[in-house]
Amino acid sequence: MEKYLYIALFAPLVSSLFAALFTTTPKKQFVGIVASLLIFTAFVSSAILLTHILGTGEIVHVELMTWMATGNLYIPFGFVVDQVSVTMMMVVSLVSTIVHIYSIGYMDHDSGFNRFFSYLSAFVFSMMILVMSDNFAGLFIGWEGVGLCSWLLIGFWFHKESATWAANEAFIMNRIADLGMLIGIFLVYWNTGTLQYDGAFAAFANLDHATLTWIGIFLFIGAMGKSAQFPLHTWLADAMEGPTPVSALIHAATMVTAGVYLVVRSHELYALIPNVGLFIASLGAFVAIFAATMALVNRDIKRVIAYSTLSQLGYMFAAAGLGAYWVALFHLMAHAFFKALLFLGGGNVMHAMNNELDPFKMGALGKTMKGTMIMMTLASVALAGIFPLAGFFSKDLILEVAFVDHHFIIYTVLLLTAGLTAFYSFRIIALIFHGEDRHTALGFHPHEAYKFMLVAMSPLLILAIIAGFTMKMPYFEMVTELLPATEYHIHSHTTYWIMTIGTQVFVLLAIFFAYKKYMCSSVKVPDGTSKMEKNFFYKLLINQYYIPYFYEEYIVKAYKALSVVFWEQIDKKIIDASVDGIANIFYNTGKNTRHMQSGNLSTMLKWMVAGTVALLSLAVVFGLAARYSGEITIILSSLGV
Amino acid sequence: MLDHILSILIFFPAFAGVMGFMINKESMRAYGTAVAVIEFALSLWLWFAFDNNVSGMQFMEHIALVPSFGINYILGVDGISLFIIIMASFFTMIGIASLSPTHSIKNMIITLLFLQMTMIGVFAALDAIVFYVFWELSLVPMLYLIGAWGGPNRIYASVKFFLYTFTGSLVMLVGMLFMAYFFYQATGVWSFAILDWYRLILPESFQLWLFAAFFVGFAIKVPMFPFHTWLPYAHGQAPTIGSVILAAVLLKMGTYAFIRFSLPLFPDASVFFMYPIAILAIIMIIYTAMVAYAQKDIKQVVAYSSVSHMGVIILGTFALNVEGISGSIFLMIAHGVVSGALFLLVGVIYDRRHTKLMSEFGGLAHVMPRYATIFGLMLMASVGMPLTINFVGEFLSLLGFYQQSHILTLLAGIAIVVGAIYMLTAFKKIFYGEVTNEENRNLPDVNKRELLALIPLSIITIWLGIYPAPVLGPINNSVESVVQLMHNKATSHEAKMRIPNVTGVVITKTTTKEAH
């Protein structure tokens, strides 16, 4: 089995290096094909590992070589395939295979075609390291690696100022969180003496509560950055500057869920500190509704989907924080399928509309893009959580978890968010595909995407439909070998049915309302004159609660100004000036006293006399002081010296 | 020959430099490259012959110079100095091989060969006076390099560099003389041998003063905040090769000397001054990173980033445990490789455009993709991306210091954020966007001569990032013995607590008499 582990891990690396060979040459179709095949190989290996684990329950654990060893520290390149990591491997390799194939079509006319595949495969490799490592340092390699690839891919079109700005923002904001993660790792090392998961988790049981709390908090800060939790969330929406396949793979299905994976992986830690867990759950619920509200009014389809991702990550953290780790992981998986599908559909729309992203400028695209319409609609149904699609099984479960654990505030917030989710998802569906044709007047001539792109997307469609009712039980039985097997059942049947049906009706109403509002013929391209756009809440939401504005004005600019002050005022005018000042004292002393030795006899005689007088006076003073030393001491002591 | 390999390593380049006066100007580059290659091969042989399992000094040489005062020519290497010596010969080699055409290239190569002698001398010397001689001699070739081949403000920069570091070294010399005098008082014999000094246990009050005297010399060399202002001028005016050697090797003299002198000689004082120095290091890290962000000139960004990274090295050194000190030594190598490469990269565009202002560039990724790729790699190494060389050192340094203080490590960790800010911003300004300046439209990509230097550096950056063991292993062994020595010598209770007892390493102490 180790062979398959190495194939799953290194096939993406080979793919990346292979594509990197052609980065400076013009577009070559086979680069994309070979890369896709190699990623598919990784998927097949992951699937073999999955069947192995399902069949035997045996965990595959290998140690490749030593990475760092000094003092008592020992960090190997160790990899483990257990029930949790194999789930992640399946999600990552499956979605990335599809995204690779899709990208062959999507990046068809791009001059950076080969480079794109190199970056994309490098991302898959980093993500594999992240989920397969058996220690925190290895996790950190993957953690930073995906950050690097995210930076490269957001800024892929580096001629665009907005893209490179967003890339740097994402990297730096993640770095802030990574610092928290690093501190968490240091805490683990100095308290347990190891960074291996098994050793560290075993040692946690003997640590005091305060230390564990700090470890939990710092590791979670790391998770907050990658998973874009408030207040480090602004980068995710800006990251939509990258090509759409990137958004689908990195900023929806895989990388942003790394934070959830970290919490699930460290469940033995978080189980010991339920108060931190409750904080995670509360923050998750807050982010869920916070992001959903921003999605309500946004006029950029990719940003709407990005906010929706953010909101769903909130759901996952709510579940993980409440101790329902397997539920969080299950929603992660289901979400990866339908959200990647939604993004890829969005990519088709963007292509058709020459990169126009405002859904108000579209309308009635369903006529020309039937396949995309069906896929995106079904993905949105799955996202909204309608029976029997994937979202119903995973999202309703999270609501049940909150309800069963008597966290009714979290439950209410998440329930409201479910309604908002349904509304904003179908708002863009209605605006893009239905209603009046608004795009022809603006000079757009949309066309459906390549057939093979739609075919490539179809596995995601199937999974978005069936993942819930077919995979839930086998999945549950598998991961609960490792994760706590808490089942969440509402004891009273009446309550259960009221809740389930109530939620479904609520969501359906939200969908209906969205269709009604945005399919009517009166929808126009907003021009800033309508009553709604002058509304305070609309302004608040469209400006993302003014948080990016706040960051820009009060943090970025302040940092820049302070840097300039440090350089211009402190470094040059204080530190360096005092160094030069000291040097100048010597220089000027020499320069000014030089005149004494002018060689003029009368001047020199004058100085000689002055010197003699000074010496004599000193001699007299010292002589007197020596004679009257007793008296001087008495006088000084009476003065209190 | 192996018995005298250190002497050969030191004096071969100097001898070859003298011979160089007789070489024809046209064949000088080939001659210089050949000498540097031989020297580098010798240093590799040194590594090959080096016994990784020995923690103490190897290849020791001993020639009496002034026996009545205990001044001897003593050389030796251990895991701490070995790799810095190899790095010094490596950088001289690729520096000479990739030298861009300049005036009086013959003199420059001779200067570089002399510089190499002084660098290797500093790291191989085990006698304080010999160390001091090489330490001061290294200023002279550098003074020439900046003064003769530098930019418009080169005289000011080179004089400032010389006087500033020279002043600091004089204070250090006074400290050395006192140290030898105390040794004489305690034992009745004069000795300037560092290994003899290691055996002397000084009372804490003496240690504090001597530590301070040595500190002045080392801190200016490193350079530590607030003694760093000579560095931006020196880098700003120096030719590319001067900056490369300055950043890669000369700065390491200061941090190396902390580990060779300050820590084992004054363990109690090291613990006493740990917090103040850590605070200075944190100021270095954050403050200079912010200053770097404010720069308009790309070379100044790299220069200030050097200071910022040296802060992490100092912090790791004063972690006073094996993890931290090993990390800081590894980071010395790593910073040498990465900042050396960055200065070479800056030199590449300077050669083409004769400007280093970032506002003159933009969109270079379109015209010079290979250059952008290598710069990107070094950028990522500089910000401490895992699996690059810098990460290992930075991670271990911070990890080590975490044992001493949580909150200070948290503050120092800001390095990974502020480092990313100035580097990414600089990268964006130079490489991203459209080509706006017509002069940049047809810049040639990196040529073979430049790749000759950049490709080996790129390989090392990744190789030692993935597999640091060949370097980290010997470093670890020697550091363990240093830490054990410090633990054994520490007199105050706090120092005993702060400096861990490394089990398994036995250091025999022959002299425990206290100096009074």
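Let's test the formula: R0 of 60 Å, r as the Cβ-Cβ distance of A:ASN543 and A:TYR628. What FRET efficiency results, to the nearest 0.05?
Values: r = 83 Å, r/R0 = 1.38.
Working from the Cβ atoms, E equals 0.15.
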Query raised in the report: Evaluated at 20 °C with a viscosity of 1.002 mPa s, what Stokes-Einstein diffusion coefficient in µm²/s does segment B:1-256 have when Rh comes from the Kirkwood expression over alpha-carbon pairs?
Result: 113 µm²/s
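Which whole-number value in Å³ per residue fits the convex hull of the alpha carbons of segment A:586-641? Walk me through the intermediate numbers first.
Values: hull volume 6.1 nm³, N = 56.
Output value, Cα hull per residue: 109 Å³.
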Report summary line: Once phi for every residue in segment B:152-160 is put through the Karplus expression 6.51 cos²θ - 1.76 cosθ + 1.60 (θ = phi - 60°), the whole-Hz ³J(HN,Hα) values, with Gly and Pro written as x, are x, 9, 6, 5, 4, 5, 6, 5, 4
Report summary line: Projecting the Cα atoms of B:GLY121, B:MET19, B:ILE85 onto the charge dipole of segment B:12-133, where Lys and Arg contribute +1 and Asp and Glu -1 at Cβ, the residue farthest towards the positive end is B:MET19
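At a threshold of 8 angstrom on Cα-Cα distance, excluding pairs fewer than six apart, so keeping six or more, what relative contact order does chain B reach in percent?
Details: 908 pairs, mean separation 87.9, N = 516.
Once normalised by length, the contact order is 17 percent.
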Report summary line: Per residue, the convex hull enclosing the alpha carbons of chain A has a volume in Å³ of 286 Å³
Report summary line: Taking r as the C-beta separation of B:ALA212 and A:ALA614 and R0 as 45 Å, the FRET efficiency to the nearest 0.05 is 0.85
Report task. Could you work out how far apart the two model spin labels at A:ILE466 and A:TYR6 are, taking each label as a point 7 Å from the Cα in the direction of the beta carbon, and quote it in nm? Result -> 3.5 nm
Query raised in the report: Can you pull the percent of Cα pairs in segment A:1-70 with separation above 13 Å?
Result: 69 percent
Query - Pair-distance profile P(r), taking every C-alpha pair of segment B:13-56, with 5 angstrom steps and integer % - result: 6, 19, 21, 17, 11, 9, 8, 5, 3, 1
Query - Largest to smallest principal axis extent of the C-alpha atoms in segment A:312-384, angstrom - result: 46, 20, 16
**Report entry** Contour minus Cα-Cα distance for A:VAL44 and A:PHE586 (0.36 nm per residue)
**Finding:** 187.5 nm
Requested in this report: Note down the magnitude of the dipole of segment B:273-466 about its Cα centre, charges +1 on Lys and Arg C-beta and -1 on Asp and Glu C-beta and zero elsewhere, to the nearest 20 debye.
Outcome: 240 debye
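Determine, for segment B:273-466, the count of lysine pairs separated by eight or more sequence positions (or lying on different chains) whose alpha-carbon distance falls under 15 Å.
Count of close lysine pairs: 7.
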**Report entry** Computed over segment A:31-168, Kirkwood Rh from alpha-carbon pairs, angstrom
**Finding:** 16.3 Å
**Report entry** 11 Å beta-carbon shell around B:VAL482, net charge (K/R +1, D/E -1)
**Finding:** 0
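Taking the Cβ of B:LYS160 as the center, what net charge do the other residues with Cβ under 12 Å away carry, scoring Lys and Arg +1 and Asp and Glu -1?
Numbers: positive: B:ARG154; negative: A:ASP576, A:ASP580.
Spelling it out: positives minus negatives among the neighbours equals -1.
Which order results if A:THR372, A:THR470 are arranged by neighbouring Cβ count within 10 Å, fewest first? List each step's numbers first, then the result.
Numbers: A:THR372 27, A:THR470 14.
Least crowded to most crowded, the residues run A:THR470, A:THR372.
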Report summary line: Projected convex hull area of the protein assembly as shown, Cα atoms, direction-averaged, in nm², equals 56.2 nm²
Query raised in the report: Karplus couplings for segment B:476-484 from phi (6.51 cos²θ - 1.76 cosθ + 1.60, θ = phi - 60°), rounded to Hz, Gly and Pro as x?
Result: 4, 4, 5, 5, 4, 6, 5, 5, 5
Query raised in the report: So which lysines can A:LYS370 reach, going by Cα to Cα under 21 Å and dropping same-chain residues fewer than 8 places off?
Result: A:LYS302, A:LYS339, A:LYS361, A:LYS451, A:LYS516
Query raised in the report: What are the aspartates and glutamates whose alpha-carbon lies under 14 Å from the alpha-carbon of A:LYS524, with same-chain residues fewer than 8 places away excluded?
Result: A:ASP358, A:GLU436, A:ASP437, A:GLU533
Query - Estimated 222 nm signal from helices in chain A, with DSSP H stretches of n ≥ 4 weighted -39500 (n - 2.57), rounded to 500 - result: -23500 deg cm²/dmol
Requested in this report: Please check which bits of segment A:69-91 a label hung off A:TRP190 would reach, taking the label as a point 7 Å along Cα-to-C-beta and the cut-off as backbone N under 17 Å.
Outcome: A:71-74
Report summary line: Distribution output for chain B: share of Cα-Cα pairs per 20 Å bin in percent, first bin at 0, values 24, 59, 17, 1
Query raised in the report: Can you give the Kirkwood hydrodynamic radius for segment A:106-194, in Å, rounded to one decimal and based on Cα pairs?
Result: 14.4 Å
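Using Cβ contacts closer than 10 Å as the measure, can you line up B:LYS252, A:LYS524, A:LYS531 from fewest to most?
Details: B:LYS252 26, A:LYS524 11, A:LYS531 7.
Fewest-to-most ranking of B:LYS252, A:LYS524, A:LYS531: A:LYS531, A:LYS524, B:LYS252.
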Report task. Calculate how large, on average over all directions, the projected area of the Cα convex hull of segment B:144-282 is; give the answer in nm² to one decimal. Result -> 8.7 nm²
Report summary line: As straight-line cross-link partners of B:LYS496, the qualifying lysines (C-alpha separation under 24 Å, not fewer than 8 residues apart within one chain) are B:LYS509, B:LYS513
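Give the calculated FRET efficiency between A:ASN535 and A:ASP300 to the nearest 0.05, with a Förster radius of 30 Å applied to their Cβ-Cβ distance. Working shown, then result.
On the way: r = 19 Å, r/R0 = 0.64.
It comes out at approximately 0.95.
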**Report entry** Share of pairwise Cα separations in segment B:273-466, more than 26 Å, in percent
**Finding:** 32 percent
Report task. Obtain the nm distance between the two label points defined at A:SER578 and B:SER359 by a simple spin-label model: each point lies 7 Å from its Cα along the Cα-to-C-beta direction. Result -> 3.1 nm
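Between beta-carbons, use under 10 Å as the cut-off and find the net charge around A:THR70, counting Lys and Arg +1, Asp and Glu -1. Let's see the in-between values first.
Values: positive: none; negative: B:GLU323, B:GLU480.
Counting the neighbours of A:THR70, the net charge comes to -2.
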Report summary line: Residues A:LYS370, A:LYS3, A:LYS472 in order from fewest to most other beta-carbon atoms within 10 Å are A:LYS3, A:LYS370, A:LYS472
Requested in this report: Could you run the Karplus curve 6.51 cos²θ - 1.76 cosθ + 1.60 with θ = phi - 60° over segment B:423-436 and give me ³J(HN,Hα) per residue in whole Hz, x for Gly and Pro?
Outcome: 5, 5, 5, 4, 4, 4, 5, 7, 9, 9, x, 8, 6, 9
**Report entry** Placed amide H near A:PHE77: partners under 5 Å, 5+ positions off or other chain
**Finding:** A:LEU64, A:MET65, A:THR66, A:TRP67
Query raised in the report: Roughly what percent of Cα-Cα pairs across segment B:316-426 reach past 21 Å?
Result: 43 percent
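Each value in this text was obtained by applying a stated rule to the coordinates, not by laboratory testing. All values reported here derive from a predicted model rather than from experimental measurement. Because the Cβ atoms are built from the backbone with ideal geometry, glycine has one as well, and the counts that use them run over all protein chains shown.
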